[in-house]
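Q: Sharing a structure below in structure tokens format, with a few things to ask.
Values in this text are rule-based calculations from the coordinates and carry no lab data. Remember, it's a predicted structure, so these values are computed and weren't measured experimentally. Heads up, the Cβs are rebuilt from the backbone with ideal geometry, glycines too, and the neighbour counts pull from every protein chain shown.
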């Protein structure tokens, strides 16, 4: 365990609360958890590439003879759901704090009508887990993305009130059309205004045909995990960038899984392709005004350090403006346990490789290495602030029980007014509070003028334009400033 | 122009010989070249994502009113086919030598029966172009991949005899099932034995649905070009690695377009995923024996320097073992011309960005920068050897006319016997000649015993196994050592 001055923080580490495991066990299609006679642990099957093997075993009815090595998915061990196991893992690897999150695919598969309540239950489970290990655990909450817009916005009001919540984990689908979907912009605004960073995490990878005819039988999970995941993340962020989402929501902060997928390496090519494409030439009237992808990387994006090599880590630091301030250590626990007959209670190579990369790239014991290993996470995620919102009025909020939603409507509502090219320090939101929304969905009547102006400008420029985002804004009307409680 | 001691060489630069342009103009489906009333230059349409726009304009019958900015594809200027234009471009940018290649999608769409002859014609065109600019141009040839195996092997016999040919440009489809297809191994052996490196270049990108619903209308070509291309290359090489192709053909040398796609950044994750996957655990009997992807990068792979950033270039050098010896400067001319109203006869930013990245990463005027800018290409591609094969007996071979195939059968036939983990210097093939194949397809009766042993071992190990490769070997029988002439 490191000293109090130099905390080690794991920002990429997953858990499955009991309610979520039950949900997965009840399912017939992926994602699902299923027991096989031939294996001790149940298997968690999430990848489309695994479906064929799953169906084959189910059809044969002879799963007892299948060795674990050839069963689809991955074993669901106590590492998936036990707090004690998580703490043992942390102690073994010298990790002081873990910012736990539900793993993919989160609630993407939950029916719209159920999503709000499921998200709330999962967040309450996470709150209890963090409370049970006070000071060792914080969490990224999960949003009910399939729910109606008002439920989704209300969920932000809920998680914002939870003492240990430090942001949200998000996949790449958004509301179904990706993260460049204008309909998602109000959600991103709400997250930004409430200082809830997004931990962007892949799940869907790439269509399985790109792996070729031999992949499923011969390459295990390597291609979808090693390539599909980081490519999915890269595509999602590039789409956001091209749509102007980072400009539209300048206070949005994103932590990208797996050191940004491949974004640090491809940023130059993205810049060149944009600079040479007629669609992005700034029009005949003058100079392009867009920020470069490099600027966005330096101003709105953080990268986890889950990259398994010095080569990649150095590139990630390089792409972050040459500073280690935007890299945050992570483990991806409980995935990638020791292979073969390795000791799952001992050191995990998947962790030590990443720690070694930090030491190798920045020097063991250096101030820069300490930042990546935990200092940045403490600062960026404000891990020692009792009140995550900074307003100092919410002691005890997390104690609420089901049905006690008195304080859930408390949200910060000032939509970002700063420009993305301002310095980080200047861009902190001047938060203000709204009236509590108790029995009914009380909302402020303030419509953020700046937001309206920017939206209009965006429409005129043809970036964030078209129907969905504006119709959602219209529908919500003056609700934009506040959030109904669930 | 640089001094004779420090040549600048462009290894990634395309041309379209007249015969290929005619072929494209005659086509109704992509790839095709088509004239529109609203634009001066015809348009070259190659990307699946462009098909919708193309069909819309054709259906409307009103292509006169479409501004060039909204036409599908890219303009076919003199930069595509004029030697004078290529030399002007080279002089403008201080490039001494260009190793030209046909651009994607090469001959992938040509009917099987025509492919052999088309490939031969194209290679002869390239030979004449190089001859017309003696000392300034060399070329990567194009293989007739859709042709029957014996035609394909014969084509290697043909290009191997061409004075200016220094390798082949290859897409990622191989014979239709990717580059991890066992049926391709004999072709790779033949290329390796004849010291013909492969310049691996993307074309197909990723399935268009990954770009989302807004991409085609709003993001131009950015996503398929900036992300789809490098991701395709990465997937292709990863599949080869997982299939054991680099071990099966240890003398294979590949130059990867766009600095390896994303391979340098993702190599660590690939290693970790392989190390943690039950399919690659070396079995119960002992230690895994595979080389790491890092070893393959250091031993069999070269990367072009077409990456548009110091960040990416440094990572590429890092991934190559920290040496600049495996990076080769390129331009991607004639793609990415100056945007807007830029002067296509002046400096191209798409070139200067890459040159600046080399200077920035390695120091202007440094020996390391000189290597990347041309020294490596001169050495790796042997640009000053009169006789590419090193045997010194083929003066005048390129003078052959159609029907004069006397010397085309001259090929080097020793299939690689060195191990991939030997030092580079040790692994050079001890080439030997076969008898000329004149009227008929004379072939040697020598069956390379080592090859047979390795193949058997490979089958037993279950790596390069199964039907296709062995049935091709059986079919070719003792022909493996030689190549029939076309």
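Q: At 7 Å along Cα-to-Cβ for each site, give me the label-to-label distance between residue A:292 and residue A:77 in nm.
A: 4.5
Q: Distances from residue A:364 to the same residue in each other copy, label points 7 Å out along Cα→Cβ, in nm, shortest first?
A: For residue A:364, the other copies' label points sit at 4.0 nm, shortest first.
Q: So, one more: Once the label point is placed 7 Å from Cα along Cβ, list for residue A:59 the distances to the corresponding points in the other copies, in nm, shortest first.
A: Once sorted, the set of distances for residue A:59 reads 3.8 nm.
Q: How far is residue B:292 from the same spot in each other copy, in nm, shortest first, if each label point sits 7 Å from Cα toward Cβ?
A: 3.2
Q: Also: With viscosity set to 0.890 mPa s and temperature to 25 °C, compute the Stokes-Einstein D of region B:124-252, Rh being the Kirkwood radius across alpha carbon pairs; µm²/s, no decimals.
A: 151
Q: For a label point 7 angstrom out from the Cα of residue B:51 toward its Cβ, which stretches of region B:108-127 have the backbone nitrogen within less than 15 Å?
A: B:109
Q: Could I ask something else about it? With 10 angstrom as the radius, rank B:106, B:353 by how many other C-beta atoms surround their C-beta, starting from the fewest.
A: B:353, B:106
Q: Return A:221, A:258 ranked ascending by Cβ neighbour count within 10 Å, so the fewest neighbours appear first.
A: Values: A:221 21, A:258 31.
Sorted ascending by nearby Cβ count, the order is A:221, A:258.
Q: Modelling each spin label as a point 7 Å along the Cα-to-Cβ direction, I'd like the residue A:384/residue B:279 distance in nm, to one decimal.
A: Roughly 4.7 nm, to one decimal.
Q: Where does the Debye-calculated log10 I(q)/I(0) of region A:14-105 sit at q = 0.17, 0.18, 0.24 Å⁻¹, using only Cα point scatterers of equal weight, no solvent?
A: For region A:14-105, the Cα-only Debye profile gives -0.77, -0.84, -1.21.
Q: A further question on this structure: According to a simple spin-label model (label point 7 Å from Cα along Cα-to-Cβ), what is the distance in nm between residue B:58 and residue B:117?
A: Computed distance between label sites residue B:117 and residue B:58 equals 2.6 nm.
Q: I've got another one for you. Given 0.36 nm per residue, what is the gain on full extension from residue B:21 to residue B:367 after removing their alpha carbon distance, in nm? Intermediate results must be reported in sequence, preceding the final value.
A: On the way: separation 346, 0.36 × 346 = 124.56 nm, distance 4.02 nm.
Full-extension gain reported as 120.5 nm.
Q: Rank these for me by crowding, A:118, B:331, going from fewest to most other beta carbons within 10 Å.
A: Lowest to highest Cβ neighbour count: A:118, B:331.
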